[in-house]
Amino acid sequence: MARMNIVLPAMGEGVIEATINKWLVKSGSNVNEDEPLVEVATDKVDSEIPAPSGGTLVEIKAAEGSVVKVGEIIAVLEDNKEKQPEEIQKIEKEVERIRETINSVREEKKEETLVSRDMKSRTQSGKFLTPLVRSIAAREGISYDELDRINGSGMDGRITRDDVLRFLEERKTVKPPIQKPAETVTRTVPAEPQAGDEIIEMDRVRKLIADHMVMSKRTSPHVTSFIDADVTRVVNWRNSVKDKFLAAQGQKLTLTPIFIDAAAKALQDFPMINISVDGNNIIKKKNINIGMATALPDGNLIVPVIKNANEKNLTGIAISVNDLAERARANRLRPDEITGGTFTITNFGSYNNLSGTPIINQPQVAILGIGAVRKMPAVVETPDGDVIAIRQIMILSLSYDHRVIDGALAGKFLNRIKDILENYTDSLI
């Protein structure tokens, strides 16, 4: 008999730990290869970990509710058969993959300390600040004056990581000074439940979404630009080919893949929209990975990502959109399918909304909102003069990070998407 340690596998880009939600089998149970053993939750997605081989689960080391890091042992499996060379090789490859993930996370931690590179190494009073302390201070917005007021517990009064974390905890509990009542002062009234009100606690995913949205607004100065587009040609073309597409591909052709295709082409023309910000550096992304905001049955939101969208034709994008949307609603997405996005599209039109001002999905710098397509009277230019005609009109909105994108660039990018949609032909497939 051979024993095998089951470890928490790599769960996707940037994921270093997961919470054990629920064990699907009990200790002592016989399991088959690839049988789901445990449900785990990360800050990205919930997923299941399967058994690497058949055998008996002899020990569960990670209790439900515990937080486990990638590479840590969560259970022990006893296999009743001798390992074949190919099985051993498979296990060794998995262990090596986990090691690479851990090393990658370590590199990310090193890069994180680079956030402090623009901070001075000493406060005005001369207190020395280590790179780690500067990194935390930069991330949490701690000023030099506040750092000066921290009593360091390190050698020679040096400020340590624990000193900074203690300061942050104390800062949370300090109440702001009370303002004197005045007509010009607007005070925030806490939301207090009244008799008959129902109190609903946010679930884990909703809390994560809330934190991410607040962080985004705090990080990026949001500006939103709007443009309308005449998509009559797109709508008519799609209606003329959707039945043939379904018969040939076994897939529905909605307008969403067309919008993603147009955005991917526009991002190729305007690569400075396909960027992210790291301190004072701009990271120009090589790949165009477009996330599509997808509503879930429980009311929450998830953003699966179509990788290298610019390298796919419309058929490939449509297949990816349908597959990701279906598995998102069934909670069967893999962690790596919701990470790595460089630009996001959200469709307000799904609920017949005209437009909206979406919040940027950090660390991206822009997000495109798609409004409902409506039949409207519009002025159409013809060789014989202007006429009023019924056209299919929609509103596009682009929220962007004004730190790195100015109105001119945003306007050109929006206008490019409008141009692509208004002149869309089947030759683009």
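The values are calculated or read from the model by the stated rules, or taken from the named source; none is laboratory data. Only a predicted model underlies this, so the values are computations on that prediction, with no experimental measurement involved. Please note that ligands, DNA and RNA were not included when accessible areas were found on the heavy atoms of the full protein model with its side chains. Shrake-Rupley method; radii C 1.70, N 1.55, O 1.52, S 1.80 Å.
Numbers for the structure displayed
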{"quantity": "Violating pairs (Cα-Cα greater than 25 angstrom) within the set Lys127/Lys217; Lys22/Lys172; Lys61/Lys172; Lys285/Lys418; Lys172/Lys217; Lys285/Lys412", "calculated": "Lys127/Lys217; Lys22/Lys172; Lys61/Lys172"}
{"quantity": "Rh (Kirkwood; distinct C-alpha pairs) - segment 287-341, Å", "calculated": "11.3"}
{"quantity": "Nonlocal amide H pairs with Asn353, under 5 Å, H built at 1.01 Å", "calculated": "Ala372"}
{"quantity": "Of all accessible heavy-atom area on segment 306-417, the percent that carbon and sulfur account for (1.4 Å)", "calculated": "49"}
{"quantity": "Amide H contacts under 5 Å for Leu255, placed H, 5+ residues apart", "calculated": "none"}
{"quantity": "Potential lengthening between Thr382 and Asn30 on full extension [0.36 nm per residue; Cα-Cα distance subtracted]", "calculated": "119.3 nm"}
{"quantity": "For segment 260-275, 3J(HN,Hα) per residue [Karplus equation, 6.51 cos²θ - 1.76 cosθ + 1.60, θ = phi - 60°, Hz, x = Gly/Pro]", "calculated": "5, 4, 5, 5, 4, 5, 5, 5, 5, 6, 10, x, 7, 8, 8, 9"}
{"quantity": "Nonlocal amide H pairs with Lys61, under 5 Å, H built at 1.01 Å", "calculated": "Ala75, Val76"}
{"quantity": "For segment 270-378: accessible area per residue (Å², 1.4 Å)", "calculated": "45"}
